[in-house]
Amino acid sequence: KQSDVPKNKETHTGSLIEQLTTEKYECMVCCEVVRIVAPVWSCQNCYHVFHLNCIKKWARSPASQAEDGNSGWRCPACQNASTQVPKTYTCFCGKVHNPEWNRNEIPHSCGELCGKKRQCSDCPHLCNILCHPGPCPSCPAFVTKTCECGQTSHSVRCGQSTKIRCSNVCGNILNCGKHNCTQVCHAGKCSPCQLTVQQVCYCGSNFKEVLCGTKEEFSDGFGNFSCQNICGKKLNCGRHNCTQVCHPQPCQLCPRLPQVVYRCPCGQTPLSKLLELGCVERKICTDPIPSCGKTCGKPLACGSYELIHTCESLCHEGECRPCSRTSNIYCRCGFKKKVTAITFMCDKRCNKKRSCGRHKCNEVCCVDTEHKCSLVCGRKLNCGLHRCEEPCHRGSCQTCWQTSFDELTCYCGESVIYPPVPCGTQPPECKKTCTRPHDCDHPVYHSCHSEEKCPPCTYLTQKWCMGKHELRSNIPCHLTDISCGLRCNQMLKCGMHKCKRICHKGECLIDEECKQPCTIPRLYCNHPCMAPCHPSSPCPTTSCYAKVGRIAAISIATKLTDLQLGDSVEISRLITKKEMKQARLQCDEECLALQRNRRLAEALEIDDNSDPFNIRSSGPKYSDLLKEDARKDLKFVSDIEKEMRMLVEAVNKGKHTKKSHCYPPMNRDHRRIIHELAQVYGIESVSYDNEPKRNVVITAVKGKSICPSNTLTSVLDKEMQSRPPPPIPHYKQADKSSGNGGLSKPLKEEPVIDYFDVQD
């Protein structure tokens, strides 16, 4: 901890002495305080102090072993490997074993002079302070040292590691041995001589410029290197030229001199024997060499190791003639063998990979061992604009070497990368607001960017759904096709039915005809036609299969939605076979009143659809389905009406022209009740969100919304009071008249079915 280090201790040694003396130093192995009387061990590389027993356990543990397994154990602090495990407790300088603690001395020290060799390699003086932990301080002695060039000397501290340099020119002999160093006093060897000299080859035909001091092959006093061409100098005979490769002077003797040639051209017979046989003695080098007349017999270049072909011509001067014999010769790659007198190449193509690892060699009769690829790499570089022009290679290509010396800026020009700009560098990042033209006029929240297309606008707006059913709020600007989830309900081309699809884009029917059942009432029974939609033709004359009878209210309620959307329902499917056998309904008082009104209207020529006395609009009109739903959940309907009346009264009495109320999420049937009641009260109602959290929001408008005189609950109460009591069954009437107390058999009557008790 920083607080544990004394402020007046600036060295490592002083900090260790202070912490060991005050018993604030912790062992790194056991994390316990190192006591002044506890045996310790100090690392000679990092000078950390450990408990002797802790370091012994650590050295024997598998975790302390070096990675190679042969270097011993590692120090817990510096990871320096040691081969020997400490066994004894010694002082810091290593002279005294088991040192005793003295209050006036440094803990774990012997109190004698340290005497260890300092870390500085060229310091001959030993440490002259008392036995101490940590590194030895620098040597305080002064010595005389010379500068780097050796011309001046200075008195400096012995432990000083900096080099001494004077202001004189070095002047040492350079590597060429001819010139002196012109640099100011410097460390290390002098740089090679940078002067250039011109050298000539041995034969004198070629020249080259090299750095002075460049290693020469051999200087013969005239030339310095071999140009590897034929020498061509005149030999000592004065008639022939030297045929050796450019070489140091002098040239060899003429090989045709009489004193040099001792045998015939084939080398089998000495010339002395030929002179005895009468051959003419040679005087000069141009005289022909006598032939022995024997077969030449010199080995030819053809043949093999087992069978060597020789020249079959007679002893002659010059090159031997081509071999006339044939032998089994392998091609140069060794794949095929052929009986011929000359070398040949097979037609096998090499299938090995080239050095690039991408292409095959495909060389005919290949004898190459490295298979270097001579093609150009051609792969795209990291910039994505240029291709690699180096020979085909393995691994990744180097970065594009092309650079631009034009400034690279962002779109708005605020951020700049100054040249040189490496090829492929992306425009700099800019934190300013984007200044590109946008399709909308909403505030821009994204930063300047290098892409051509801006991110979509996420500003929240109000937009109509695709079917113009609802004005949706909190819609991101970039969204265009929004569906409210309701039925389209737009009039189709037939003019009779409405679209049943969920809110959609475009036309309702594309290249299709309406196939919904026709809802035009029949001429005699007023039931719907039910034939496929036929707007341009009259209804077909078919029999009506609709069954008339009392139907369960619950079943009809589930089909009322389809009836309101322009669809028709097959009533016969809702009645069981047993119910179809029951007697038809008998006309009641309402039927008689309707029949009487119809006859009166025909006599007075009054249209059935007219309402001259405003009878129908005198009060609120509640649908039968709404009444039936209210009977099922009267408390829910009562609460809804109470909320609507309070909302209408508040908006009519208040200052605001509109007031809204949001109902909690509910099922579809409850939402339908709210929508129908809202129409009666003149309130706007809109559904939001998706299932199962879809809810209804109603809005009352001043001057438009009204509170009807009769609520739905009051209408239901009046109907219940005006309903006649249920009839008494016949068998109960017989029991009362006979007075038998139920002993006589009841009359056998057909069972009366109460259709309002039928469950789904």
Largest first, please: the extent of the C-alpha atoms of segment 140-287 along each principal axis, to the nearest Å.
100, 31, 19
Mean projected area, convex hull of alpha-carbon positions in segment 7-137, reported to one decimal in nm², is 8.8
Asn180 versus Gln268: modelled label distance in nm, points set 7 Å from Cα along the beta carbon direction
7.3
Give Lys95/Lys163; Lys500/Lys642; Lys468/Lys704; Lys659/Lys693 a once-over and call out the pairs whose C-alpha atoms are over 25 Å from each other.
Lys95/Lys163; Lys500/Lys642
How long is the gain from Ser153 to Tyr663 if the chain were fully straight, where each residue apart is worth 0.36 nm and the alpha carbon distance is subtracted?
173.5 nm
What's the Cα-based Rg to Rh of segment 624-718, Rh via Kirkwood?
0.97
List the relative contact order of segment 481-522 as a percent without decimals, with contacts defined as Cα pairs under 8 Å and 6+ residues apart.
34
Please compute the per residue accessible area over segment 624-718 with all protein chains in place, 1.4 Å probe, rounded to a whole number of Å².
55
Find the relative contact order for segment 7-137 and round it to a whole percent, using C-alpha pairs within less than 8 Å whose residues are 6+ positions apart.
21
Would you mind checking the pairs Lys294/Lys337; Lys431/Lys463; Lys360/Lys380; Lys632/Lys658 and listing those with alpha carbons more than 28 angstrom apart?
Lys294/Lys337; Lys431/Lys463; Lys632/Lys658
Per the rule of 0.36 nm per residue minus the C-alpha distance, extending Ile164 to Ala63 adds in nm 31.7 nm
How far apart, in nm, are the 7 Å Cα→Cβ label points at Leu600 and Leu509?
4.3
If the viscosity is 1.567 mPa s and the temperature 4 °C, what Stokes-Einstein diffusion coefficient in µm²/s follows for segment 90-200 when Rh is the Kirkwood radius over Cα pairs?
72
Extending each Cα 7 Å along its Cβ direction at Arg379 and Arg103, get the distance between those two points in nm, one decimal.
7.8
Surface accessible to a 1.4 Å probe, per residue, for the residues of segment 48-144, Å²
59
Show me the ranking of peptides 410-417, 35-42 by mean Cβ neighbours inside 10 Å, starting with the highest.
35-42, 410-417
Note down the relative contact order for segment 337-433 as a percent, whole number, built from C-alpha pairs under 8 angstrom at least six residues apart.
17
Post the alpha-carbon centroid distance, segment 188-259 to segment 38-114, in whole angstrom.
69
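The values are calculated or read from the model by the stated rules, or taken from the named source; none is laboratory data. Predicted, not measured: the structure shown is a model, and the values here were computed from it. Here Cβ is always computed from backbone atoms with ideal geometry, including for glycine, and neighbour counts include all displayed protein chains. Only protein heavy atoms, including side chains, enter the accessible area calculation; ligands, DNA and RNA are left aside. Shrake-Rupley method; radii C 1.70, N 1.55, O 1.52, S 1.80 Å.
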